[in-house]
Structures are given as C-alpha cells and as structure tokens.
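Report on the structure given below.
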Amino acid sequence: MIGAAGVGKTANFLYPNIEYACASGMSFLCTDTKGDLFRNYAGIAKDYYDYKISVLDLCNPTRSDGDNILQLVNRYMDAYMENPENIALKAKAEKYAKITAKTIISSSGEDSASYGQNAFFYDAAEGLLTSVILLISEYCPPEKRHMVCAIMAYAVNLSL
C-alpha cells in the first residue's frame, strides 16, 4: 500500500490484515523498518494467537533471533574442514558465499551488467565481499562467524 505519512496505512490497512492472518492461523512475514509493528502487534500475536515471533534485524544482527545468513556457508565450510578431500563441499560454501555477497551488493536484484559503466565496481565489490565471507567462515572461531564480522572486515578493506 502506498500513501503519504499519516493517512492510516498501518492502522486502517496493515493491522486489520495482520489480525485476520492471526485469526485464520496462517503464517506470514512483515517487514517493519521502524519497529512499530513489532512493538504494537507482536505481543498480541504471541499472547492471544500463540504465534512464535522471530526477528531478523539486518541493521543490528545481534538483536535477531538466532538467524545467521552465513549459516549455509559455515555448514559447508565446516564439513569441508572435516573432510578436505571432498572439494564439492568447499564449492558449495563458495556458492553460498557468492549468493550472499550478490544479495547484499545488488539488493535491487538486478544483474551487474545493468549498471553500465559501474558494472566493474559492482562485480569487484561482490568478489571482495565473497572472499571476506569465505575467509571468515574458514579461519574465524565460531562466535565470530557471522555477518557483522564480515561487514566490519569488508569496510576495513574498503578504507585501505
């Protein structure tokens, strides 16, 4: 729904639809950039409808409910480290690292070829972030193998 601030998008459209989804027992996902939905409706969904509420906070990942977008990279890297002769496991870790980097760098979903003269820089950024993710997954201790460390390391590399 599109409308100017204060026209009632949340109160008159979103809240009734969430209430209907809860009453119907269907699963749903809400994006909530300001946190209003979570503050105003998560408790109702949990207390009155027995919903399990999970938070995925990409700005502050440590506030998320245990989601680590590097989970698949870490899983396959761990399997590869236990079984180094199985190169297919490392290839899967690389595949998921590349998918993660592409999702972060090209968040619009467009291919880098559509960026014209800037395509080189988008491809380079994806490659750098992919390599940082793989280095963190392979060499960091388990408590440091998450996106916060990858973004911090990536930012340090960009500032060089």
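A short reminder: the numbers here are calculations on the coordinates, not readings from a lab. Note that the structure is a prediction, hence the values are computed from the model and not measured. Using ideal geometry, Cβ is built from the backbone for each residue, glycine included, and neighbour counts are taken over all protein chains shown.
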Checklist outcome for this item: HN-Hα couplings for the range 136-146 via Karplus (6.51, -1.76, 1.60; θ = phi - 60°), in whole Hz with x for Gly/Pro, come out as 5, 5, 7, 10, 7, x, x, 6, 10, 9, 9
Checklist outcome for this item: Ordered by number, the trypsin sites (Lys or Arg not before Pro) in the range 19-53 that occupy a DSSP loop and have at most 13 other Cβ atoms within 10 Å are Lys34, Lys52
Next on the checklist: Give the separation of the Cα centroids, the range 1-27 to the range 31-57, in Å.
Outcome noted: 13 Å
